[in-house]
2 protein chains.
Amino acid sequence: MYLAKITIILRKSILDIQGKAVHHALNSLHMNLVEEVRIGKFIEMKINTGDQEEAVRITNEACKKLLANPVMEDFSFTVEKISEGFGI
Amino acid sequence: MYLAKITIILRKSILDIQGKAVHHALNSLHMNLVEEVRIGKFIEMKINTGDQEEAVRITNEACKKLLANPVMEDFSFTVEKISEGFGI
């Protein structure tokens, strides 16, 4: 069993409205040292295989086909072996 | 300048409807080895300080006061030093 941890974030060239709103809210809370905020998605996937290469392949395919928008977003991930009974 | 990378995810005890929907969609795409999916947020924050402890304190405060819902979500983060001109 493998656990994939995926982060998906808007490309740098694309304006992150949600991040701007959060940045503004943080400044309103007197956290003025925060200069820029970007918001993306974090996804955990449990994959039922004993083969790390297969886990990487499945995670990559899931990102490309479903989870990330390849035009607007960049993704990165790690996979790590977990024991069978491990809950995410 | 420090870059904080924050992940926020629903607590294990709380049903993740969005994760269930993505899990179902992945199975429809014949990725049947995926067993469980949980979806959260990933946030990058640039913090204008030279002091790592201050960066950690600000990130922790931002998570507790604004970014995470302490009843339903768990958060974790890392902070790393970056050069001044580094864009997120």
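Quick note: the coordinates plus some simple rules give every number you see, no bench work behind them. Bear in mind the structure is a predicted one, so any value in this text is a computation, not a measurement. Neighbour counts are summed over all protein chains in view; Cβ atoms, including those assigned to glycine, are modelled from backbone coordinates with ideal geometry.
Structure data summary
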| quantity | calculated |
| --- | --- |
| Computed label-point distance, nm, for sites B:VAL56 and A:THR49 using a 7 Å Cα→Cβ extension | 3.8 |
| Rotational relation B to A, axis-closest Cβ in chain B, residue and distance rounded to whole Å | B:PHE42, 2 |
| Net +/- balance of residues flanking A:MET72 in space, Cβ distance below 13 Å, scoring K and R +1, D and E -1 | +1 |
| Size descriptor, Kirkwood hydrodynamic radius, that averages inverse alpha-carbon separations across segment B:2-81, Å | 14.2 |
| Using alpha carbons only: equivalent-ellipsoid semi-axes of the protein assembly as shown, gyration tensor based, whole Å | 30, 17, 15 |
| Crossing angle, helix A:52-62 versus chain A [Cα axis fit, 0-90 degrees, rounded to tens] | 50 |
| Segment A:HIS24-A:LYS81, extension gain: residue separation times 0.36 nm, minus the distance between their alpha carbons | 16.6 nm |
| Listed pairs A:LYS46/B:LYS64; A:LYS65/B:LYS64; A:LYS46/B:LYS5; A:LYS20/B:LYS12; A:LYS65/B:LYS12; A:LYS41/A:LYS81 exceeding 24 Å between Cα atoms | A:LYS46/B:LYS64; A:LYS65/B:LYS64; A:LYS20/B:LYS12; A:LYS65/B:LYS12 |
| Computed magnitude of the charge dipole of the protein assembly as shown (debye, nearest 20; Cβ of K, R +1, Cβ of D, E -1) | 420 |
| Value at 222 nm in deg cm²/dmol, rounded to 500, when DSSP H runs of n ≥ 4 in the protein assembly as shown each add -39,500 (n - 2.57) | -8000 deg cm²/dmol |
| Positive dipole terminus of the protein assembly as shown, leading residue within B:GLN52, A:VAL37, A:SER76 (C-beta point charges) | A:VAL37 |
